[in-house]
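What follows draws every value from the coordinates through simple rules; no lab data is involved. Just so we're clear, the structure is a prediction, and the values are computed from it rather than from any experiment. Positions of Cβ are backbone-derived with ideal geometry, glycine not excepted, and every protein chain shown enters the neighbour counts.
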Amino acid sequence: MGSVNKVLLVGNLGRDAEVRYTPGGAPVASFSIATTENWTSKDGEKHEQTEWHRIVLWGKSAETLQPYLTKGKQIYIEGRLQTRNWEKDGQKHYTTEVKADRIVLLGGGRGADRPSDRSEPAYAADTPKEAAPITDDDIPF
């Protein structure tokens, strides 16, 4: 049997998306979204757990969607998990992120003076499957 690497998330952006460019000129947007699970235990106590997910979006979609990917905005993401590693100052670092293939803007999270304040339809963007490799200069942290 083959394997599947598929991620589906609905969450809220924790900060505005930041677009950077690789040395080859390829745009890449990076941002984080939060997903929150609420439940009530058997003893009636309410619980809440929030998970943060790093998202990367490549290509023209990164540039096009960046003005709409604002803190608090709710979005739907389809993509796949990707783990990268690099060495900095002699220490190995690892990060796992979602490489977004499709993003749909949903409601919520509208702030003042943002493009999302206007009445706009949900916007879906499909990104190309292949992108330039990431270098140490592309890592946003």
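Exposure proxy ranking for H53, H93, H47, based on other Cβ atoms within 10 angstrom of each Cβ and starting from the fewest, stands as H47, H93, H53.
For the stretch 1-63, a/c is not less than 1.5, where a ≥ b ≥ c are the root eigenvalues of the C-alpha gyration tensor, and a/b does not top b/c. That puts it in the oblate class. In a DSSP loop and with at most 11 other Cβ atoms within 10 Å, the trypsin sites (Lys or Arg not before Pro) in the stretch 23-78 are K42. If Lys and Arg each add +1 and Asp and Glu each add -1, what is the summed charge of the other residues whose beta carbon sits under 11 Å from the beta carbon of F31? With Lys, Arg at +1 and Asp, Glu at -1, the neighbours total +1.
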